[in-house]
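The values are calculated or read from the model by the stated rules, or taken from the named source; none is laboratory data. Keep in mind it's a predicted model, so treat the numbers as computed, not measured. Glycine gets a Cβ as well: all are built from the backbone with ideal geometry, and neighbour counts include every protein chain shown. For the accessible areas, the whole protein counts, side chains as well, though only heavy atoms, and no ligand, DNA or RNA atoms are used. Shrake-Rupley method; radii C 1.70, N 1.55, O 1.52, S 1.80 Å.
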Amino acid sequence: MDQRNNKLGWLFTSPYLIYSLIFFFGPLIWSFFLSITDWDLIAPTFNFVGFANFMDALQDSSVHAAFWNTYKFMMIFVPLVIVLAIGVAVLVHGLHRFKSLFLIGFFLPYLSSGVVSALIVKGLLSYTSPVNVSLRSIGLDINWLGSPFSALCVVGAILAWKFTGYYALIITSGLESIDKEVYEAAAIDGVKDSQRFWRITLPLLYPSLYTTLILAFGVTFGIFTEVYQLTGGGPGHATNTWQMEIFKQAFQNMQVGYASAVALLASVATFISIFVIRKILEIWGKRNGWV
């Protein structure tokens with residue numbers, strides 16, 4: 001019986017295993033092969049250069065910028081999107097009617113094209129836009145995309161706007177799963193309404209928040225469209241990201257081997273960072289008794 005169950009298990013998991021072999025391990029092996037060559041995307045031959053691409057990437061200031069900018073975006077995007085998502089979820093959860101309608105409305109930006117969103121924002125923030133004309137009339141002349149800090153904030157804000165509705169759905173499902181009797185018992189024990197969110201709701205939302213936080217941290221390692229459309233990685237390297245760096249090296253500089261090395265370094269940085277973040281969140285949850 002156990003042998004039969006094992007065969008059934010392999011049978012049902014085989015589609016995913018085949019998918020992983022074709023679309024994950026295959027490209028990964030190919031990327032590693034390219035990373036030890038100097039292929040330029042056009043030449044029919046490969047020249048093996050060993051680990052020279054990796055050594056060059058580790059000393060490249062542009063790659064360093066992509067590494068550190070990921071964490072800068074993280075510090076802007078993650079707190080902003082989590083606070084907004086919790087706020088939206090709490091407001092929608094408190095509604096007695098049309099919950100689904102409001103959630104769909106907040107979810108729509110997630111479905112919108114990143115290119116279109118970025119172009120609209122670029123038009124709104126242009127020097128001659130009504131927004132900037134109005135600001136200059138009161139003495140505020142802000143170069144939104146020309147300043148390193150403001151450019152980071154603009155991209156972070158666009159991403160937060162886009163993902164708030166998606167994360168709010170996850171948090172709303174967590175709120176819906178909390179039994180009302182818990183709040184009734186807390187009221188009997190003397191817990192005030194002002195304390196209810198921090199002492200009851202937030203701890204019980206930990207599984208949803210954990211998932212949302214991991215997803216939000218993961219987003220910062222894959223930023224490309226908004227940066228490409230708005231800043232191109234500038235000013236300087238202020239908004240350069242891993243994906244932007246890979247694109248520039250592969251398709252602008254025609255250094256596919258070097259771009260593959262950068263992509264592998266980005267994968268390692270992403271894996272280690274997410275692993276550390278997961279451990280920190282788990283320790284935090286256990287220390288506060290949320291798990």
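Miscellaneous remarks
- Residue tally, condition open to solvent by 60 Å² or more (accessible area, probe 1.4 Å), part of a loop (DSSP other than H, G, I, E, B) and either within 28 Å of ALA65 (Cβ to Cβ) or among the β-branched types (Val, Ile, Thr) (or both), over region 114-141: 4
- Among the residues of region 225-243, those identified as out of contact with any Lys or Arg (no Cβ under 6 Å at 6 or more places or on another chain), open to solvent by less than 50 Å² (accessible area, probe 1.4 Å) and not polar (S, T, N, Q) are GLU226, VAL227, GLY232, GLY233, GLY234, PRO235, ALA238, TRP242.
- Residues of region 173-189 include at least one that is in contact with a Pro (Cβ under 8 Å, 6 or more places away or on another chain) and under 25 Å from HIS96 (Cα atoms).
- SER150 vs. criteria among the polar types (S, T, N, Q), surrounded by 13 or more Cβ atoms within 10 Å (Cβ to Cβ) and at pLDDT below 90: no
Condition check ((1) at pLDDT 95 or above; (2) not small (Gly, Ala, Ser)) across all residues:
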| residue | (1), (2) |
| --- | --- |
| GLY236 | no, no |
| GLN252 | no, yes |
| ALA259 | yes, no |
| LEU265 | yes, yes |
| ILE272 | yes, yes |
| ASN288 | no, yes |
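- For region 48-75, filtered to residues that are part of a helix (DSSP H, G or I) and among the small types (Gly, Ala, Ser), the residue that is surrounded by the most Cβ atoms within 10 Å (Cβ to Cβ) is ALA66.
- Comparison of VAL182, VAL256, VAL155 shows that the only residue that is open to solvent by less than 20 Å² (accessible area, probe 1.4 Å), over 24 Å from the mean Cα position of the chain (by Cα) and not aromatic (Phe, Trp, Tyr) is VAL256.
- Candidates are the residues of region 95-113 that are more than 19 Å from ILE158 (Cβ to Cβ) and in a helix (DSSP H, G or I); the one that is least open to solvent (accessible area, probe 1.4 Å) is LEU103.
- Hey, GLY222 at pLDDT below 95, open to solvent by less than 50 Å² (accessible area, probe 1.4 Å) and within 17 Å of ALA85 (Cβ to Cβ) or not: no
- Only one of the listed residues (VAL78, VAL92) is under 14 Å from VAL155 (Cβ atoms), in a helix (DSSP H, G or I) and either open to solvent by less than 40 Å² (accessible area, probe 1.4 Å) or touching a helix residue (DSSP H, G or I) at 6+ places or on another chain (Cβ under 6 Å) (or both). That residue is VAL78.
- Given (1) open to solvent by less than 30 Å² (accessible area, probe 1.4 Å); (2) free of Cβ contacts under 8 Å to residues at least 24 places away in the same chain, number of the condition PHE24 does not satisfy: (1)
- Criterion violated by THR13 - all others in (1) open to solvent by 70 Å² or more (accessible area, probe 1.4 Å); (2) of a type in the set (Ser, Thr, Tyr); (3) assigned to a helix (DSSP H, G or I) satisfied: (1)
- Region 259-268 - residue that is of a type in the set (A, V, I, L, M, F, W, C) and over 17 Å from the mean Cα position of the chain (by Cα) and, of those, surrounded by the fewest Cβ atoms within 10 Å (Cβ to Cβ): LEU264
- Residues satisfying the stated conditions in region 171-206, i.e. assigned to a helix (DSSP H, G or I) and among the hydrophobic types (A, V, I, L, M, F, W, C): ILE171, LEU175, VAL182, ALA185, ALA186, ALA187, ILE188, PHE197, TRP198, ILE200, LEU202, LEU204
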